[in-house]
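All of the numbers you see were taken from the coordinates with simple rules; none came from a lab. Just so you know, these numbers come straight off a predicted model, no measurement behind them. Here Cβ is always computed from backbone atoms with ideal geometry, including for glycine, and neighbour counts include all displayed protein chains.
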């Protein structure tokens, strides 16, 4: 049961966002900038799916069921991972997952941020650069990891409800891919 009286049926972060639309707007703006491929930063080599995968990985490390599931669904959708096996392999052991060495190096940085910002080392940064990560990729990885720590704590700190039905997350993933992250309900599954 959520700690606050949220609108019934709104899962995860959707309940707190409906409860506080004035904070939902800037949070959605932030997530759209860091997760969706941004053409204003041509020096970033990260795809939207890879960005979602970083958020998924951090959410899994934080044990936030809703965030790791919805962002995992969006990552799967964007990466063509129809059975979610790639996302699952990243959550279980990204070092053995079928992803690029660059993304593995960036996930190492994301995992360090999840533990605490000062855990990121110069060696990790050098490693990411040696695997082809740009300074923008490194910046965005740190920001995504830090933002997801906040989002995970927001969702779980208010004890929000999360459905267990994977079809709902797949439905929402398609809508997020189409519309981005918004405060509107057009990407919620039909009742």
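Quick rundown of the values:
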quantity	calculated
Debye equation applied to the C-alpha atoms of the range 48-97, log10 I(q)/I(0) at 0.22, 0.26, 0.32, 0.33 Å⁻¹	-0.64, -0.90, -1.29, -1.34
Approximate spin-label separation residue 25-residue 126, in nm, with each point projected 7 Å along Cα-to-Cβ	4.6
Debye equation applied to the C-alpha atoms of the chain, log10 I(q)/I(0) at 0.11, 0.13, 0.15, 0.16 Å⁻¹	-0.46, -0.64, -0.86, -0.98
Candidates 82, 108, 95, ranked by Gaussian network fluctuation over the chain, Cα under 10 Å, top entry	82
Cα→Cβ-extended label distance, 7 Å offset, between residue 96 and residue 146, nm	3.3
The chain: calculated mean residue ellipticity at 222 nm from DSSP helix runs of at least 4, using -39500 (n - 2.57)	-20000 deg cm²/dmol
